[in-house]
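Below: the structure, in structure tokens.
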Amino acid sequence: MCGIVGYIGGEQAAPVLLEGLSKLEYRGYDSAGVAVYNESGMHVVKSKGRLAVLEGILDKGEKLPGTVGIGHTRWATHGAPSDVNSHPQVSDGGLFAVVHNGIIENYMQLKEHLMRRGVEFVSDTDTEVVAQMLEHYYRGDVLAAIRQVTQRVEGSYALGIICADCPEKVFAVRKDSPLIVGLSEGQNFIASDVTAILAHTREIVRLRDREIAVLTREGAEFYDEELEPLEKPAETIEWDVAAAEKGGYEHFMMKEICEQPEALLKTISPRIKDGRIVLDDLKLTRADIEKISRVYIVACGTSYHVGAVAKYAFEKLLRMPIETDVASEFRYRDPILDDKTLVIIISQSGETADTLAALREARRQGARTLAIVNVVGSTIANEADDVLYTWAGPEIAVASTKAYSTQLAVIYLIALYMARELGTLTEQELEEYTKALEKLPELAEAALSGRETIQYFASQYFNAKDMYFIGRNVDYAASLEASLKLKEISYIHSEAYTGGELKHGPISLIEEGTLVIALCTCGRLFGKMAANIREVKARGAVVLGLCTEEFAGEMKGVADWQFCVPKVPDFMLPSMSILPLQLFAYYVASMKGCDIDKPRNLAKSVTVE
Ligand code: M6R
């Protein structure tokens, strides 16, 4: 999705903006631009394509002097990627330059209104409406003009604004799209993501919906939507620049795959004390848990696939009806919720538009909400009744890996915690599962250790046109994620099916040489999966069988290739099986020469619907 950076200080703004934008490239974009103010006025330079094109035009910023500016990477929604549709968008009279993340839903109506009054538009974007409206309503007071605009626009926005009449200020306002202010000595920043400014400051203030910030060199002032001044204390970001750098790895994705044992340790170990799960950060009491009669798990993409695993885990451990839903469906299907419903919302970024809307719908209907989030202080984390953080650190690669693993770990923690409160497990089972959970980081290390075998296997099949993943029970849930990982970064067509469904249609896709990856880690279903492997092999498929060590011997006689992962309790198996399959997707994409960290058409955080 789009990225925003703004700067005011003693340095030259353009290089700071370009450097900040480079840290936001991972979010996905198709054009970039900056607006800088200097003594000769406001200068806007923007270009379709990668940031490198803009850096070339500006000679890394050297060609654009000035110490106040805003920058943007755009992921096209309204209007094709082009120079003219790139941000900043500038008002007709050249007074305002605006960068925008989000979507102005009523922009057509507003645009027609302004056009009838003689305002000329040059782009197809919704954002230009904001720039034009600012100038239209401006009567010498920028804050008042911002208020007029935010009262009229519908939709989501994070806006960075500079005005030629106030060259010593940068303005910012947001609704349903993240925006932070970074504070430092003699210089201040705005950004849509903390990574953009982390090299300069760790002191940040998060804007809430409809709050406005006014930045000068000396500091920042904050206002509510009625323009009443606000006190907003700064918070300190704990993780440092190195956490958001590649640290010697070729890609963030590989770095993040390898970070999983450590991320698991950070997520799990503080929450297990003397063999008991302790969720101090949870306000949910035993009485609250006893009241729950149904659980919904709602998320998008990889986070939704965690929900797919969670359904099996919760039903096994809690013996309670669980529904897992993709947020974009949940929000519009009029779900039946009440105060006996627990809605678990899962999101790495904490800003995904559909997931946020699902959370709000759940709260509107009186359900209890619990969010599993990675980004501290994000909107979903702020709005849910309860939040449990995944301590994965910043996840930069678009393809989610360590977020998946740590989200799973939090799901196991919640399920075991609730099982204890409800008494649905024996003390012995609780002890056994808790010990297994504590061992996950170490076992994840082991599951990642056979890297060369996976790399070799990838080298044999990276030219494949299609691949199929099959599995049953939690192996099916893990197959969904393995298939998504492969398709999003390697662009190979891939599907995941349950072993039992093959005969009902998908088996007609199998022909000589089709690659099938069969997840058979669930021991009690190994025989069923072996039968499925034989069925596809009989039709010409080449099969990689993934199983636990205890089935290694049996797998030899069934599949063409095999890979073993450590044995853990059934409901935790996806935490093991996904690891070699993340590596597989990575190696295939790398051998195909794909842009692994920034796959085409994708954005890290999908903040628009
Ligand atoms: O930040 P979220 O977890 O809410 O994001 C949800 C999806 O957009 C995300 O998982 C997406 O599917 C990733 N590209 C998967 O690798």
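For K439, go through the aspartates and glutamates and keep the ones whose alpha-carbon is under 19 Å away, minus same-chain ones fewer than eight residues off.
E259, E262, D274, E427, E429, E431, E549, E550, D570
Could you tell me which of the pairs K266/K485; K465/K503; K232/K311; K503/K556 are separated by over 29 angstrom between their Cα atoms in the structure shown?
Check vs 29 Å cut-off fails for K232/K311.
Calculate the FRET efficiency for V84 and D59 from the Cβ-Cβ distance with a Förster distance of 25 Å, rounded to the nearest 0.05.
Calculated value: 0.65.
Ranked from highest to lowest mean number of other Cβ atoms within 10 Å per residue, what is the order of the peptides 298-306, 454-462, 179-187?
Highest mean packing first, the order is 298-306, 179-187, 454-462.
Per 0.36 nm of contour for each residue apart, how much would the distance between A144 and Q428 grow if the chain were fully extended, relative to their Cα-Cα spacing?
95.8 nm
Output the direction-averaged projected area (hull surface divided by four) of the convex hull of the alpha-carbon atoms of the range 282-366, in nm².
That works out to 5.4 nm², a quarter of the Cα hull's surface.
So for the pair E511, E112, with labels modelled 7 Å out along Cα→Cβ, what separation do we get in nm?
Distance between label points: 5.1 nm.
Just to confirm a number: summing +1 for Lys and Arg and -1 for Asp and Glu over residues other than L64 whose beta-carbon lies under 14 angstrom from that of L64, what do you get?
With Lys, Arg at +1 and Asp, Glu at -1, the net is -3.
Stretch V376-L227 to full length: gain in nm at 0.36 nm per residue minus the Cα-Cα span?
Extra length available between V376 and L227 comes to 50.9 nm.
Quote the relative contact order of the range 272-408 in percent (integer), defining contacts as alpha-carbon pairs under 8 Å separated by 6+ residues.
23 percent
How many percent of the alpha carbon pairs in the chain exceed a separation of 50 Å?
For the chain, the fraction of Cα-Cα distances above 50 Å is 14 percent.
Regarding the range 127-181, what are the three Cα extents along the principal axes, ordered largest first, in Å?
Sorted largest first, the three principal extents are 28, 24, 17 Å.
Output the peptides 259-267, 445-453 sorted from most to least packed, where packing is the average of other Cβ atoms within 10 Å over each peptide's residues.
By packing density, highest mean first, the sequence is 259-267, 445-453.
Expressed in nm to one decimal, what extension gain is obtained for the pair A52 and E550 from 0.36 nm per residue of sequence separation less their Cα-Cα distance?
Length difference between fully extended and current span is 174.2 nm.
Can you give me the relative contact order of the chain as a percent, contacts being Cα pairs under 8 Å and 6 or more apart?
Dividing the mean separation by the residue count of the chain yields 12 percent.
Where does each of 83-94, 415-426, 499-510, 140-151 land if you order them by average Cβ count within 10 Å, highest first?
The packing order, highest mean first, is 83-94, 415-426, 140-151, 499-510.
Run through the range 1-64 and list the GluC sites (Glu not before Pro) located in a DSSP loop whose Cβ has at most 14 other Cβ atoms within 10 Å.
E11, E39, E62
Working from Cα positions, state the angle (0 to 90°, nearest 10) between the long axis of helix 526-538 and the longest principal axis of the chain.
The angle comes out at about 80 degrees.
Using +1 at the C-beta of Lys and Arg and -1 at the C-beta of Asp and Glu, which of L486, W75, V398 has the Cα lying farthest in the positive direction of the dipole of the chain?
So the residue furthest toward the plus end is L486.
Volume per residue, Å³, of the convex hull around the alpha-carbon atoms of the range 504-609?
That works out to 165 Å³ per residue.
Tell me which of T150, Q132, V122 sits at the most positive position along the dipole axis of the range 122-161, charges placed on C-beta atoms (Lys, Arg +1; Asp, Glu -1).
Of the candidates, T150 comes out farthest on the positive side.
Relative to the longest principal Cα axis of the chain, at what angle does helix 574-591 sit, 0 to 90 degrees, rounded to 10?
60 degrees
On a 0 to 90 degree scale, rounded to 10, what angle separates helix 107-116 from the longest Cα axis of the chain?
Roughly 20 degrees between the two axes.
Just going by the charge dipole of the chain, with Lys and Arg at +1 and Asp and Glu at -1 on Cβ, which of T195, Y587, A35 is farthest out on the positive end?
Highest projection toward the positive end goes to Y587.
Which value, in nm² and rounded to one decimal, describes the direction-averaged projected area of the C-alpha convex hull of the range 299-421?
The directionally averaged projection comes out at 6.8 nm².
Grab the DSSP H runs of the chain that are 4 residues or longer, score each as -39,500 (n - 2.57), total them, divide by all residues and round the 222 nm result to the nearest 500 deg cm²/dmol.
After summing the helix terms and dividing by residue count, I get -11000 deg cm²/dmol.
Under 1.5 on a/c is rounded, so check that first for the range 220-301, then, if it is not, pick prolate when a/b is larger than b/c and oblate when it is not; a ≥ b ≥ c are the square roots of the alpha carbon gyration tensor eigenvalues.
Oblate, because a/c is 1.5 or more while a/b does not exceed b/c.
Taken together, the values in this text are just the output of simple stated rules run on the coordinates, not laboratory data. Small disclaimer: the values here were computed from a predicted structure and weren't measured. With ideal geometry, Cβ positions are generated from the backbone for all residues, glycine too; neighbour counts draw on all protein chains shown.
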